[in-house]
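To keep things clear, I will list the structure first and then write my remarks on it.
The values are calculated or read from the model by the stated rules, or taken from the named source; none is laboratory data. Because the structure is a prediction, the values reported are computed rather than measured. Ideal geometry is used to build each Cβ from the backbone, glycine not excepted, and the neighbour counts take in all protein chains shown. Areas reflect the complete protein model, heavy atoms only, side chains present, ligands, DNA and RNA absent. Shrake-Rupley method; radii C 1.70, N 1.55, O 1.52, S 1.80 Å.
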Amino acid sequence: MGKVGRPYGLTGAVHLYPYSQDAQTLLKSKTLLIGAVTFDVTRSRRHGDSIVAQLVGVDSPEAAAKLTNKEVLVDRALFAALPDGEYYWLDLIGLTCTNGDRVFGEISEIFESGAHPILRVKQASGVDELIPFVDAIVRSVSLAERRVDVDWEGLE
């Protein structure tokens, strides 16, 4: 869902930087998994591009600093249902990316490029293929078949 940033203030609060522009799930969560540790959230609020959260057991800037750059996860049950044709990036990671019968590889990452999201596809050769995640290129997404089919020639 995001990454922990620098400490905020003197009470041990932390900045959380969501991976998504819609950070409601992260903002509303009362429990966060940071690294391998579960933390209860006593309060959280928007603060510019980040969320400032106070975590139980983290009561100093020094304790908060130990969490910096760790991944933040939340319970999947808290995710809101999406309309047809929309997907959580998390659900696309690990899917096979194809062009018809041609298999490019596995989607290893999705990131924002400014104009649109980009799929990073790990090929068997070890080379990454970067494919824009836009309607003009993505023909279909099947979570059930664990496949994203694209109209993309790619590297040979």
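Numbers at a glance
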quantity	calculated
All aspartates and glutamates inside 14 Å of LYS122 as judged from Cα atoms, apart from same-chain residues fewer than 8 positions distant	GLU106, GLU109, GLU156
Accessible-area composition of the chain, carbon plus sulfur, in percent [1.4 Å probe]	53
Segment 67-72 - phi-based ³J(HN,Hα) in whole Hz, Karplus 6.51/-1.76/1.60, Gly and Pro as x	9, 3, 6, 7, 6, 10
Histogram of C-alpha separations across segment 30-144, 10 Å bin width, %	11, 33, 27, 22, 7, 0
Computed label-point distance, nm, for sites GLU112 and LYS70 using a 7 Å Cα→Cβ extension	2.5
For the chain: accessible area per residue (Å², 1.4 Å)	59
30 Å Cα-Cα reach of LYS30 towards lysines, excluding residues that sit fewer than 8 places from it in its own chain	LYS3, LYS66, LYS70
Cα-based reach from LYS28 at 19 Å (exclusive), listing aspartates and glutamates while leaving out same-chain residues under 8 positions away	ASP40, ASP49, GLU71, ASP75
